[in-house]
1. Over the chain, give the accessible area per residue in Å² for a 1.4 Å probe, as an integer.
2. If I compute solvent accessible area with a 1.4 Å probe over the protein chains, what percent of it on the stretch 1-158 is carbon and sulfur?
3. Working only with C-alpha atoms, what are the Rg and Dmax values of the stretch 360-419, expressed in angstrom?
4. Could you compute how much accessible surface I408 exposes when probed at 1.4 Å, giving the result in Å² to the nearest 10?
5. In whole percent, how big is the carbon plus sulfur part of the accessible area of the stretch 282-419, probe 1.4 Å, protein atoms only?
6. Would you mind checking the radius of gyration and Dmax of the stretch 273-356 based on alpha-carbon positions, in Å?
7. Bin width 5 Å, origin at 0, all Cα-Cα pairs of the stretch 264-419: what percent of pairs per bin?
8. Counting only trypsin sites (Lys or Arg not before Pro) that sit in a DSSP loop (anything but H, G, I, E, B) with at most 10 other Cβ atoms within 10 Å, what is the longest stretch of the chain containing none of them?
Amino acid sequence: MQTVIAFIIVFGSLVFFHELGHFIFAKRAGILVREFAIGMGPKIFGMMKGETMYTIRLLPIGGYVRMAGEDVDKIELQPGYRVGLILNRDNVAEKIYLNQKVQNPNVLFLEVERSDLEDGLWIEGYDEEDNLVRIDVSREAIIVENGTETIIAPLDRQFNSKTVGQRAMAIFAGPLFNFILAFVIFIALALLTGIPISDPVIKNVVDGSPAEVAGLQDGDVVKEINGKSVSSWDDLVGIVQQNPGKALSFEIDRDGQAKELKITPKPFETEDGQTIGQIGVYSPIKDANILDAIVFGAKQTVEFSTLIFTLLYDLIVVNFDIDALSGPVGIYKATEEVAQYGIYNLMNWAAVLSINLGIMNLLPLPALDGGRLLFFGIEALRGKPVDRQKEGLVHFVGIVLLMILMVIVTWKDIKLFFF
């Protein structure tokens with residue numbers, strides 16, 4: 001149960017902040033956001049607030065922000081439709097009933113002749129006395145059909161009516177918020193746990209460890225190991241890990257005096273089957289002020305972003321291997337392992353996952369944010385948009401291929417972890 005809760009919090013937070021980026025910049029551009037969804041598939045919770053429906057859906061494999069004009073949500077009143085209109089004091093339609101009986105004496109019934117619910121915002125039709133009348137429609141008018149209410153989307157509130165820059169920013173903001181989330185988590189970690197110092201200074205010698213047995217103490221500065229100069233903590237760790245079970249000669253500085261100690265790293269087998277050496281010491285940590293934390297957060301975000309880009313390049317260009325990919329099941333199992341080492345390790349894992357989600361969504365593949373940004377770039381260069389139907393077909397094919405890949409990866413993870 002702890003693993004389930006940890007997974008829901010971590011993965012839910014990443015998806016929430018990703019969709020929050022889309023949502024905020026869509027609203028800033030004046031786009032009508034119809035739904036803010038966490039998860040995919042059937043709805044298990046929904047709450048209408050303002051003009052947006054906030055939902056939680058069954059499958060924890062993503063989320064979405066549904067914007068007016070992005071999908072097939074255009075409402076057309078065909079000639080001959082019989083509609084019921086609720087008018088305000090200025091005789092402007094605030095609610096339009098379709099395909100249902102309305103028990104309200106204030107309803108004006110019309111047989112539609114013509115209508116425009118996007119640009120001009122009006123309905124023209126014959127009333128019950130066979131008079132041709134024209135009724136203006138409010139910009140916030142609600143369509144009611146079979147008990148479902150939908151806010152109309154005037155043309156200037158639709159996604160495709162916005163400039164290339166506004167549309168691109170609304171899409172780019174999702175991955176951007178994943179990087180921002182990682183940056184904030186790293187800042188919080190620095191303030192809560194301190195910042196590791198890169199100097200090869202010994203801290204927290206573990207009781208009964210090879211380091212304690214050999215006489216290594218807190219505050220010792222390692223200068224050389226087997227004659228090799230040590231200038232950073234990474235140098236120290238690298239040499240120790242490469243020499244499991246082998247006696248090493250440590251040249252140290254203790255309070256200004258040089259000393260030599262013999263330490264034999266204890267062999268330790270990692271999860272991937274490698275054997276490395278450990279001597280039982282930790283690097284020193286310094287307390288961080290807010291400026292130190294910001295610098296640390298930025299540095300960690302850049303370093304992990306660079307590392308993930310490098311791994312992606314190796315995976316896609318150098319040597320593609322399906323076994324190197326993980327889906328929700330793989331992420332769940334990794335979260336289970338990380339959660340065993342405490343909340344701070346779980347926070348660090350969440351930050352790395354957030355960066356990974358941001359980078360993956362920026363890949364120029366159909367159906368991903370990066371694929372949509374690619375089409376916006378083409379539109380900017382051409383001076384006109386790509387045909388909507390052709391673009392929609394490309395994204396549809398992309399979604400199908402991604403879902404197939406997701407099924408393959410998920411089945412691979414299930415076999416690996418449960419069978």
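1. Details: 23810 Å² over 419 residues.
I get 57 Å² per residue for the chain.
2. 52 percent
3. Values for the stretch 360-419 (Cα only, Rg and Dmax): 15.5, 54 Å.
4. Here the accessible area works out near 90 Å².
5. Numbers: 5940 of 8550 Å².
Its accessible area is 69 percent carbon and sulfur atoms.
6. That works out to 16.0, 43 Å for Rg and Dmax.
7. Histogramming the stretch 264-419 at 5 Å steps yields 2, 7, 10, 14, 17, 15, 13, 9, 6, 4, 2, 1, 1, 0 percent.
8. 102-419
The values are calculated or read from the model by the stated rules, or taken from the named source; none is laboratory data. Every value quoted in this text rests on a predicted model; they were computed, and no experiment measured them. Ideal geometry is used to build each Cβ from the backbone, glycine not excepted, and the neighbour counts take in all protein chains shown. Side chains are part of the model used for accessible areas, which takes the heavy atoms of the whole protein and leaves out ligands, DNA and RNA. Shrake-Rupley method; radii C 1.70, N 1.55, O 1.52, S 1.80 Å.
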